[in-house]
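The values are calculated or read from the model by the stated rules, or taken from the named source; none is laboratory data. Note that the coordinates shown come from a computational prediction; the quantities given were computed from them, not determined experimentally. Heads up, the Cβs are rebuilt from the backbone with ideal geometry, glycines too, and the neighbour counts pull from every protein chain shown.
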Amino acid sequence: MERRTFIQAAVVAVILLLGLDRAVGWMGRNAVPRVIVRQAHSSTAFTDAFLGNSIVRAGVSEAAWSRTAAVGKIPSRPVNLGLGWSTPAEHAVLWDELLKTGNHPRRIFYGFFDLQLQEYTNSVWWALGGNMAMGYFVDPELSAKYHAPGSRLGHAFMQAASHVPLFTERITFWGKVEELRRKLAAIGLKSAPSNPEAKDGATKDEFSAFMADSSDAFARHCENVVRENAPFHPAIDDIIESATRIGCKVYFVEIPMTPEHRRLFYARPAWTAYKAWLRGRLEVRHAALIEAGDWVTDPTEFHDSLHLDATGAARFTERLFRETARLDIGSVPSPP
Amino acid sequence: MNIFFLRLKELLDYLNGCSADAPVWLGRNLPGWVWGVWWAVLLGVIALFCGQSSKFIYIDF
């Protein structure tokens with residue numbers, strides 16, 4: 001190939017790839033993290049903020065919360081910032097976005113399950129994917145603090161990546177390819193149960209991959225955390241610190257799990273010991289633990305092995321409101 | 001049919017760089033801009049499908 005032809009080809013390829021990059025940016029304009037950030041920016045009057053991953057997104061019903069508050073004539077405006085496939089780093093960024101808008105919530109509820117508060121994901125700053133990719137485009141500076149601590153290269157990369165949607169939004173089109181692949185793979189087969197909340201049709205089996213390998217392994221993990229007095233993820237520390245600084249009450253909420261999950265994992269004495277240890281750790285930080293793991297007992301009120309369905313979410317949220325109203329205000333709205 | 005496959009092979013050899021010269025039946029070497037489009041298509045397809053190596057893809061929750 002002649003040098004001139006090569007240069008022409010390279011220029012055309014670069015131009016087309018830049019066009020593709022812009023197109024992907026447009027496709028990702030309504031990506032879930034962006035929608036949630038817009039939600040955080042939509043008002044300055046939120047009183048109760050919910051943070052966590054998909055178990056919070058699916059398990060907290062803003063409508064049920066508002067309804068219960070109205071019954072008790074308690075002014076309240078909730079915002080559910082739960083974000084699927086996310087880590088405390090993303091939760092800290094979303095919390096920061098809420099505060100930047102001028103909100104001063106009275107209470108923050110951080111939902112968790114298992115040992116999530118002490119776990120570190122194996123995400124790396126050069127390959128944040130899915131909703132975690134919001135680390136590149138919402139507040140790269142703050143995200144780099146958690147995903148690339150002490151790495152100047154990591155900080156620079158995360159800042160620069162925010163200008164390349166083809167990279168930051170890659171899961172947007174990977175998800176569509178995955179959807180297509182699953183549709184093709186399912187031709188002629190009985191359809192697998194899927195979660196409508198997960199738009200690419202993640203199956204029940206995939207969610208179970210988030211759980212411990214065995215009950216014994218989970219118990220050992222609990223014991224290790226307590227014995228080693230394991231620290232919180234730094235983002236959790238920051239959320240507690242910034243919330244208490246503005247006089248916001250911080251609750252860590254053990255999100256309801258299925259009876260099967262509780263039988264396998266939460267019935268172990270190690271889990272009870274872990275929660276006692278956790279309560280102590282939180283109280284030192286002026287935060288509180290709400291043990292709601294068994295508040296939803298009907299297995300049909302779960303969508304899959306992890307997430308509450310709409311009925312379960314409403315039941316859990318109403319009770320959460322009543323229990324915390326009792327703690328915070330002393331008045332308890334009657335069940336509707 | 002044989003001619004079709006022979007021509008296809010010649011074209012693919014040219015496009016993937018095995019052969020420096022265009023097949024005779026094509027008339028002339030492709031201009032630079034066509035190569036540019038071809039490379040962009042290849043890179044786009046790679047970008048589109050390399051997510052398959054991701055262990056777990058579920059996005060919108």
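Numbers below:
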quantity: Selection status of A:GLY102, under 30 Å from A:ARG268 (Cα atoms), under 24 Å from the mean Cα position of the chain (by Cα) and not hydrophobic (A, V, I, L, M, F, W, C); calculated: no
quantity: Pairs, first surrounded by 16 or more Cβ atoms within 10 Å (Cβ to Cβ) in the range A:262-291, second part of a helix (DSSP H, G or I) and among the hydroxyl-bearing types (Ser, Thr, Tyr), C-beta under 7 Å, six or more apart; calculated: A:LEU264/A:SER215; A:PHE265/A:SER215; A:ARG268/A:SER215
quantity: Selection within the range A:146-165 - part of a helix (DSSP H, G or I), touching a residue at least 12 places away in the same chain (Cβ under 8 Å) and either basic (Lys, Arg) or crowded, with 20+ Cβ neighbours inside 10 Å (or both); calculated: A:TYR146, A:HIS147, A:MET158, A:PRO165
quantity: Members of the range B:33-61 that are within 7 Å of chain A (Cβ to nearest Cβ), modelled with pLDDT of 65 or more and more than 13 Å from A:ARG170 (Cα to Cα); calculated: B:TRP33, B:TRP35, B:GLY36, B:VAL37, B:TRP39, B:ALA40, B:LEU43
quantity: So A:ILE55, is it within 10 Å of chain B (Cβ to nearest Cβ), assigned to a helix (DSSP H, G or I) and crowded, with 17+ Cβ neighbours inside 10 Å; calculated: yes
quantity: Where a residue in the range B:2-26 is touching a residue at least 12 places away in the same chain (Cβ under 8 Å) and its partner, wherever it lies, is among the aliphatic types (A, V, I, L, M), with Cβ under 7 Å and at least six apart; calculated: B:TYR14/B:ALA22; B:PRO23/B:LEU11
quantity: Meets criteria (out of contact with any strand residue (DSSP E or B) (no Cβ under 9 Å at 6 or more places or on another chain) and under 20 Å from A:GLU323 (Cβ atoms)) for A:THR68; calculated: yes
quantity: Hits in the range A:270-317 (condition: among the aromatic types (Phe, Trp, Tyr), in a helix (DSSP H, G or I) and over 26 Å from A:GLU228 (Cβ atoms)); calculated: A:PHE316
quantity: The range A:241-260: number of residues that are surrounded by fewer than 20 Cβ atoms within 10 Å (Cβ to Cβ) and assigned to a helix (DSSP H, G or I); calculated: 6
